[in-house]
Every structure is written in C-alpha cells, then in structure tokens.
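The values are calculated or read from the model by the stated rules, or taken from the named source; none is laboratory data. The model shown is predicted, which means the values in this text are computed figures rather than measured ones. With ideal geometry, Cβ positions are generated from the backbone for all residues, glycine too; neighbour counts draw on all protein chains shown. Ligands, DNA and RNA are excluded from the accessible area calculation, which covers all protein heavy atoms including side chains. Shrake-Rupley method; radii C 1.70, N 1.55, O 1.52, S 1.80 Å.
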Amino acid sequence: MPKTEIRVGGLGGQGVILCGHIIGKAAAIYDNKHATLIQSFGPEARGSACSAQVSLADEPIGYPYVKRPDVLIVMSPDAYSQFAPTLKPGGILLYESELVSLDEKLPEGVTAYGIPATRLAEELGRRLVLNIVMVGFFVGTTALVSAEAAERAVVHSVPKGTEQLNQRAFRKGLEFGLNLTGQGNGGPRHDA
Amino acid sequence: MTLEGYPRDLTCKDGTTLTVRPVEARDKDALLAFYRELPEEDRLFLRDDVTSQLWADRFMASIDYETVIPLLAVTADQEIVANGTLYRTLHGWTRHVAEVRLAVARPYQRRGLGTAMLRELVRVATSHGVEKIVASVVDNQVGAIRAFEKRGFHREAVLKGHVKDIRGHKRDLVIMANDVSHIWEAMAAMVADYSPTLGG
Ligand SMILES: CC(C)(COP(=O)(O)OP(=O)(O)OC[C@H]1O[C@@H](n2cnc3c(N)ncnc32)[C@H](O)[C@@H]1OP(=O)(O)O)[C@@H](O)C(=O)NCCC(=O)NCCS
C-alpha cells in the first residue's frame, strides 16, 4: 500500500489516542506493515481536544506527521471543524453521527460515513468503548487493516477483564461499517 | 440470540471435559430434571422452587441474554451438571449490579466446577459492563461461600434470621459481593487521553 495518513480527533475521555494506537498496532504487529503514531493534546485545539496521527505503509516511514490525512476519524464537532478542511481530495471522513454534523467545511470529493458510535457503545453497556466501536467502523469502511489484525490488537490493548466487551464493541462498529458500504449481510442487496 | 464466546470447553480438576454454553429453549426439561436431582439440602436455600414446572416455564420465558443470562455446564452426552445465572436490570439505581445464582449437580461438586462456572459468570458480567456482582448465600453454605471467596467475592452484609429453610428454621443470609469496578477504572484511565506534560 502507498503511505496512508490517518488523523483521529476528539475530546479527552473518548479514547482518541487508544483508537489511533490500536490501528497502528494492528497494522504493524499483526499485518506486517509499518506504522507510526503521534499524539497531541490540548493546545492544538480548544478545550480538552486531542488527536492522534497515524501513518501506515509497506515501507518504513520517514516522516510521521500527518498534514493532509487520507482518512479522518472525528468524534467531536471541534475535531471536525479543525481537521475536515485538511482532508485530501478523495479522502474518507468517518464521524460520530450524533455528535458531528457535516457542513461546507468538508472538502469536495470526500466520502463521509457516519456512525452513532456513542449510542452503540451505550447499548453494549459502556460508553467508554466508543473508541473501539470507531476502530471497528474504520476497519469495516476502509479495510486498511484486516479485521483479524484489528480485533487482535483490540484484545491485546485493553485492560484485562474488558476484552470481551471491547471485542463486541469492535464487531459492532465493523458490522455497521460493512453494512454501510454494502459489504455486510444487512447491507444493500441486489434483487435476484 | 447468541452469547459471545460460547460454547467453550472447560476441564475439571480430575480431567473431565465439559462444555459451557447458554441455556436454550430445548433445555427446559433437562434443566428441570437437573434441579429435581439436586438433593433437598442443596435446594433448601435456593430462592425459588426450582423443581416446579411453573418455575421452569417462567425461567425459560425470562431468558433474553441481557437481563437474564444463564449458563450451563453439560457433559458430552448433553447432561446438565451445573447451572449458573446472572440477573441484571437495565434501568434504575442498581443497573451497574448483577446478581449471580449457581448450582452444581452432587456428583460433580467439589471438583472445582462451581469455581469455574463463577469465573465464566464474572467474565460474562464484566463483558456486559457490570461493576458489581452480588450473591445471596445462607450462612452455613460452606461450599458456596468458599467458591465465591475464591473468585474474589467478600462478605459484605449479613441479614439476621432473614431466610427460613423449607423446614421452617431461620438462618442468616450473607450477601457476598465482588466489586469489579476497578477494571472499568483501568479502562477509563486508558481512554482519558490526558497528559499534563503535554498541556492537556
Ligand atoms: C455452592 C456450589 C455451587 C459449589 O460448587 P462446587 O462445584 O462444589 O465448588 P468447587 O468445587 O469449586 O468448590 C469451591 C470450594 O469450596 C469447597 N467446598 C465445596 N463444597 C463444600 C462442602 N460441602 N463443604 C466444605 N467445603 C466445600 C471446595 O473444597 C473448594 O475449596 P478448595 O478449592 O479450597 O478445595 C455447590 O455446592 C452447590 O450447587 N450448592 C447448592 C446450591 C447453592 O448453595 N448455591 C449457592 C447459592 S447462589
């Protein structure tokens, strides 16, 4: 794969860094790719905003900073406002659809997929796993890392005792993403 | 409806392999038979009359794998040898709490099965986001108290003379509790995304 740049943005407490960490780990440890992760907190945006920059490539990565992401994952309106304009033409926006509304800041030619990740996480019993729902959604919509690699990275990154819940959160996001892009069981069907 | 992670195999201390899986509609008669086989002294302190058809009908109808999550241990011949169930509510002030009830068939007791079933139930509870698990045990149920203690439960409260056994004798009820909220604290710390050194 050519170098792919990903930016994850949201608020403190949404697990933005862990989300980026798991994507990088899935690619690097379980999919044999190269990955870098840079995390930024606070001053970069207002309030407790934070973001993670992840780069994935087949070759070693020389420049780890993400200026113009191919994929942008946003979990808060601020992160959307700040980073949406930086998306590459032809890029993909993944957003928390009950927290973020799209507007003219979204560059033309960008594909946007929304997911009510907070609500799905709450349905699973814990709002805390919203970021893992997002990881699943990222995998389901972009297939940039394999589902197996990502699920393993999830299970190996979360605290002991929370593995199963996080696994369910991952699968929920994955399924939602697959359905939205027409690859899932419940997705758009062609009449026989 | 399915329960993630099941069926799974479980090996007893003596090497017997059992399968742990959720209760399904087809298990009703076998479950009733399992409870009717339990000696009276084991049934003495169970909350419901688990040998009645009415109980079995109601129990089976209540299973939704969300608020009533029952697990079985079965032999290779599908004989039920243990049943452990988690009860939760999804609303109200104890929505973070689950209650567990457990019974092991006599020939299979004292082989670590009760403890093993509890491990499964605790795992299922945490995978549903539960923060605290409780069990009600009568003060002289040594085996039960021991099994719960081995799985991280402690005696949290005693209700004096709270239960009457089927012979009419009053006994103390011990509420055993396992606070698993620390694992949620670990999870919360991981997603806090706060770094004082970086100005967050
Ligand atoms: C409580 C019960 C589920 C325990 O099941 P079990 O499979 O025998 O449990 P384990 O084999 O894991 O035993 C757990 C510990 O208790 C001890 N123990 C079990 N039964 C005992 C008894 N009758 N007397 C003394 N110790 C006993 C075991 O030796 C073991 O301790 P150890 O590991 O230090 O040796 C089982 O006795 C039962 O079904 N009782 C009737 C129903 C009941 O009381 N349920 C609890 C209320 S919810």
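At-a-glance table
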{"item": "Residue that is modelled with the highest pLDDT, among those in region B:148-200 that are under 23 Å from the mean Cα position of the chain (by Cα) and facing chain A (nearest Cβ under 8 Å)", "result": "B:Val180"}
{"item": "Given (1) within 28 Å of A:Arg168 (Cβ to Cβ); (2) polar (S, T, N, Q); (3) without any contact (Cβ under 8 Å) to a residue 24 or more places away in the chain; (4) in contact with a helix residue (DSSP H, G or I) (Cβ under 8 Å, 6 or more places away or on another chain), index of the condition B:Thr115 fails", "result": "(3)"}
{"item": "Helices (runs of 4 or more DSSP H) fully within region A:104-185 counting 2 or more residues that are more than 14 Å from chain B (Cβ to nearest Cβ)", "result": "A:130-142, A:147-157, A:163-180"}
{"item": "Qualifying residue in region A:30-43 (condition: in a helix (DSSP H, G or I) and in contact with a Lys or Arg (Cβ under 7 Å, 6 or more places away or on another chain))", "result": "yes"}
{"item": "So B:Ile166, is it open to solvent by 40 Å² or more (accessible area, probe 1.4 Å), among the β-branched types (Val, Ile, Thr) and on the phi < 0 side of the Ramachandran plot", "result": "yes"}
{"item": "Answer residue from region B:11-33, given it is open to solvent by 80 Å² or more (accessible area, probe 1.4 Å) and within 14 Å of the ligand (Cβ to nearest atom) and is farthest from the other protein chains (Cβ to nearest Cβ) among those", "result": "B:Asp14"}
{"item": "Condition broken by B:Gly92, with the remaining ones in (1) assigned to a helix (DSSP H, G or I); (2) at pLDDT below 95 satisfied", "result": "(1)"}
{"item": "Residues within region B:148-185 that are within 15 Å of the ligand (Cβ to nearest atom) and among the small types (Gly, Ala, Ser), tallied", "result": "2"}
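Results for (1) over 18 Å from A:Val133 (Cα atoms); (2) surrounded by fewer than 24 Cβ atoms within 10 Å (Cβ to Cβ); (3) within 15 Å of the chain's Cα centre (by Cα); (4) within 14 Å of another protein chain (Cβ to nearest Cβ), shown as yes or no for each residue.
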| position | (1), (2), (3), (4) |
| --- | --- |
| A:Gly15 | no, no, yes, yes |
| A:Cys19 | no, no, yes, yes |
| A:Ala28 | yes, yes, no, no |
| A:Ala52 | no, no, yes, yes |
| A:Met75 | no, no, yes, yes |
| A:Ser81 | yes, yes, no, no |
| A:Gly90 | yes, yes, no, no |
| A:Tyr95 | no, no, yes, no |
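Residues checked against (1) in a helix (DSSP H, G or I); (2) open to solvent by 50 Å² or more (accessible area, probe 1.4 Å); (3) away from the ligand (no atom under 16 Å from the Cβ):
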position: B:Arg47; (1), (2), (3): no, yes, no
position: B:Trp55; (1), (2), (3): yes, no, no
position: B:Met60; (1), (2), (3): yes, no, yes
position: B:Tyr65; (1), (2), (3): no, no, yes
position: B:Leu71; (1), (2), (3): no, no, no
position: B:Ala76; (1), (2), (3): no, yes, yes
position: B:Thr85; (1), (2), (3): no, no, no
